[in-house]
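As structure tokens, the structure follows; a few thoughts come after it.
Throughout, read-outs are computed from the coordinates displayed, never taken from laboratory work. Everything numeric in this text was worked out from a predicted model, so none of it was measured. Ideal geometry is used to build each Cβ from the backbone, glycine not excepted, and the neighbour counts take in all protein chains shown.
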Amino acid sequence: MARKKPVQSRTSFWEWGAAALGAAILVFAIGYMAWYGLTHTSGPPVIVVERAESVRLDGSYVVKVLVRNKGRSTAAAVEIEGALKDGEESLETSAATLDYVPENSEREAYLQFSRDPDKFDLKLRAVGGSAP
């Protein structure tokens, strides 16, 4: 009986290419995380509140507001307040709380009023929040 020669396994060009691509992605990811960790400076969240739109629903008015965090850290339990004013007189207030607003992100909140916000001056503000 003749003995069969052992078959030598050769790594194909495609396997080497896939391994090189995986190694390059790994090195890039580690390098980016190291760079970000060394250069990223933290700071307070900067919350900006803007009115988007309002709709009438079942006798009340719902105002959609956009909440942006332009700061360098995440804000938690962000309370948003809207006040309808007629001159200096405050007619009605509404509030909403957002669980998290990460840095450089945008979230939506909804405020509900019994009066039409298009007929009065709507003042929006971020009341406060906390560190996560």
| Of Arg72, Arg10, how do they rank once you tally other Cβ atoms within 10 Å and put the fewest first? | Arg10, Arg72
| message | What does the C-alpha gyration tensor say about the overall shape of the chain? Classify as rounded when a/c is under 1.5, otherwise prolate if a/b is larger than b/c, or oblate. | response | prolate
| Once both labels are modelled 7 Å past Cα along the beta-carbon direction, what's the Ala19-Val55 spacing in nm? | 5.7
| said: Explain nothing, just the number: dipole magnitude of segment 47-130 about its Cα centre with +1 on each Lys and Arg Cβ and -1 on each Asp and Glu Cβ, in debye rounded to the nearest 20. | reply: 260
| said: If I fit a long axis through the Cα atoms of helix 13-39 and take the longest principal axis of the Cα atoms of the chain, what angle between them do I get, 0 to 90°, rounded to 10? | reply: 40
| said: I need Ile80, Ile25 ordered by Cβ neighbour count within 10 Å, fewest first. | reply: Ile25, Ile80
| field | the chain - mean residue ellipticity at 222 nm from DSSP helices (-39,500 (n - 2.57) per run, n ≥ 4, rounded to 500) | value | -7500 deg cm²/dmol
| request: Only residues of segment 100-132 count here: report those whose backbone N is under 14 Å from the spot 7 Å along Cα→Cβ of Arg68, or say none. | output: 103-108
| Among Ile30, Ile47, what is the fewest-to-most ranking by other Cβ atoms within 10 Å? | Ile30, Ile47
